1. Over 20 Å between C-alpha atoms is what I'm after, so list which of B:43/B:63; A:12/B:63; A:324/B:38; B:4/B:38 land there.
2. Report, in degrees rounded to the nearest 10, the 0 to 90 angle that the Cα long axis of helix A:55-70 makes with the longest principal axis of chain A.
3. Determine how large the accessible area of residue A:43 is when every protein chain is in place; take a 1.4 Å probe and give Å² rounded to the nearest 10.
4. What average count of beta carbons from other chains do you get within 10 Å of the Cβ of residues in B:64-75?
5. Using 7 Å Cα-to-Cβ label points, what is the residue A:423/residue A:327 separation (nm, one decimal)?
6. Output the relative contact order of chain A, whole-number percent, from Cα pairs under 8 angstrom with separation of 6+ residues.
7. Taking K and R as +1 and D and E as -1, what net charge do the other residues with C-beta under 11 Å from the C-beta of residue A:198 add up to?
8. What number in nm² do you get for segment A:196-310 if you take the convex hull of its Cα atoms and divide its surface by four?
Amino acid sequence: MEKLRYERPVVKKLNTGMMNKFGTRTEYNPVTHIDGVSVKELIGQYGSPLFVISERTIRQTYQDCKRAFTNRYPRVQMAWSYKTNYINAVCNVFHQEGSWAEVVSGFEYNKALQNGVPGNKIIFNGPDKTDNDLKLAIDHNSLIHIDHLDELYRLMEITKEVNKRPRVAIRVNMDTGVYPMWDRFGFNYETGQAWDAINKIILNDQMDLVGLHCHIGTFMLTANAYAIAASKLADLAYHIHAKFNKKITYIDLGGGFASKNTLRGSYLQGNVSSPSFDDYAEAICSALLNAEYSKQELPLLILETGRALIDDAGSLCGTVLANKRLSDGRRATIMDFGVNILFTSFWYEHKLSPAQEFSHYTEDGVVYGPLCMNIDVIRENITLPPMKKGDNVVVHSVGAYNMTQWMQFIAMRPNVVMIDMDSKVHLIRNKETLEYINNIEEMPAYLKEFTLS
Amino acid sequence: MKIKKNIAISESGFIFNPTTGDSFSTNPIGFEIIHLLKEDKNKEEIKQTILSRYAVDESTFEKDFYDFSTLLQNSQIAEE
Ligand SMILES: Cc1ncc(COP(=O)(O)O)c(C=O)c1O
């Protein structure tokens with residue numbers, strides 16, 4: 001007689017009729033396949049943990065976002081925010097879809113160049129651009145977004161040295177009614193800093209001020225903040241034209257759209273509380289169309305959307321290492337992935353699904369990573385079916401920021417694969433090895449040897 | 001370990017403790033074990049029954065049974 005499938009016995013107290021802190025029952029479906037590829041086979045071939053990127057989801061999400069804007073506004077350009085996920089294969093899917101590149105360091109800038117992005121389609125943001133970075137960007141006719149006065153003055157000097165006219169924009173920060181206000185980047189709108197910078201650039205006449213940029217924050221839960229930002233930038237552009245007869249050719253509203261993830265401590269699931277692409281597009285496009293632009297040509301609208309375009313396309317497949325019972329009676333499950341590679345556990349209550357069948361019984365508990373560190377908590381409170389050592393799980397919507405902010409801490413970074421449109425699997429980043437890490441270390445000769453008694 | 005006398009267990013795996021007013025649910029294997037406990041089976045007998053019926057090795061089950069017993073006692077469903 002064939003034996004029955006075993007599941008750990010559990011008993012669980014029922015809190016009738018109440019939604020508890022463990023959230024709603026969204027994780028109660030096994031996810032055995034990603035884009036038609038078996039999770040067990042992926043782990044069998046590429047190891048655990050494993051990041052899996054769905055090319056199909058990237059393209060679909062990108063097209064949904066783009067369409068929401070182009071349906072409402074005639075001139076829209078996306079620029080892929082490299083820091084959100086700069087694995088080259090991921091960047092190139094976005095570039096194939098038509099995205100420019102948005103970078104914030106020389107490292108990212110060169111990555112974009114090497115991926116084949118033409119220099120004049122690279123937007124260079126951020127407070128940290130070295131002289132060499134600036135020269136390179138001027139040379140490639142990139143769009144340099146000036147962040148502070150020190151940079152503006154340095155750029156004026158370099159411009160004289162190289163005798164070229166760079167194309168620049170200024171980053172503007174402003175009050176959009178959202179707290180906290182991001183005023184550490186760029187020039188402030190309300191206090192007149194922005195005008196100050198604009199006057200300097202135009203009167204100095206060594207560069208072309210072609211655009212205005214802002215990035216008002218990240219995971220913005222109100223679309224209306226963008227309407228305010230768009231109106232303020234459009235207003236600036238209008239008055240620059242009125243005062244200097246100079247045309248601002250684009251308005252770049254940065255990134256910051258919320259993904260469908262659930263923020264930690266939030267009582268609402270992210271897929272309920274996050275505005276849709278249509279909500280953001282409606283706010284932004286109406287504001288631009290309502291601005292005093294009728295007399296001029298409408299500016300190009302640039303978006304540097306990051307997390308909302310890539311979060312859903314990324315999954316992390318992992319394995320249960322152990323179960324234990326905490327002193328307060330809660331079940332603790334230890335996974336083979338921790339905050340070292342799933343940095344976003346600090347922000348999100350990541351949705352987690354078992355990758356094999358289970359009965360509908362569940363237990364409340366906590367999910368830990370494998371690091372020997374107290375901070376290594378993946379989910380503080382979660383309801384999951386009983387899982388045993390060796391079972392697999394899929395963590396959903398991890399595509400943004402994890403594959404760039406991951407740490408080589410205690411363990412090494414795992415393989416990353418991409419599943420293409422035909423469900424074929426491609427290795428796009430090799431897992432790190434001890435050799436790879438040791439390669440960049442140096443041992444002073446006198447430390448090479450030791451004896452232990 | 002014994003299941004407390006006043007505990008009510010329904011066929012669907014629903015458990016009610018009239019003393020505390022708490023209700024619980026359990027999965028099919030948990031249900032089976034609670035029934036075996038009600039029939040005064042000891043740990044060894046329960047283990048043999050489960051091992052003969054389910055695809056599980058002895059050490060895994062022992063670990064899980066120990067954990068389950070603690071849960072039953074913490075929930076005041078069972079007592080020593
Ligand atoms: C200038 C700029 N643009 C775009 C982004 C992407 O933001 P998000 O991932 O929130 O869309 C960021 C992220 O911090 C940024 O600083």
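1. Over 20 Å apart, Cα to Cα: A:324/B:38.
2. Roughly 40 degrees, rounded to the nearest 10.
3. Near enough 20 Å² of accessible area.
4. Mean shielding count: 4.
5. 5.0 nm
6. 20 percent
7. So the surrounding residues net to +2.
8. Orientation-averaged projected area of the Cα hull: 8.1 nm².
The values are calculated or read from the model by the stated rules, or taken from the named source; none is laboratory data. Predicted model only: the values in this text are computed from it and were never measured. Cβ atoms come from the backbone with ideal geometry, glycine included; neighbour counts cover every protein chain shown. In case anyone asks, the SASA skips ligands and DNA or RNA and just uses the protein heavy atoms, side chains included. Shrake-Rupley method; radii C 1.70, N 1.55, O 1.52, S 1.80 Å.
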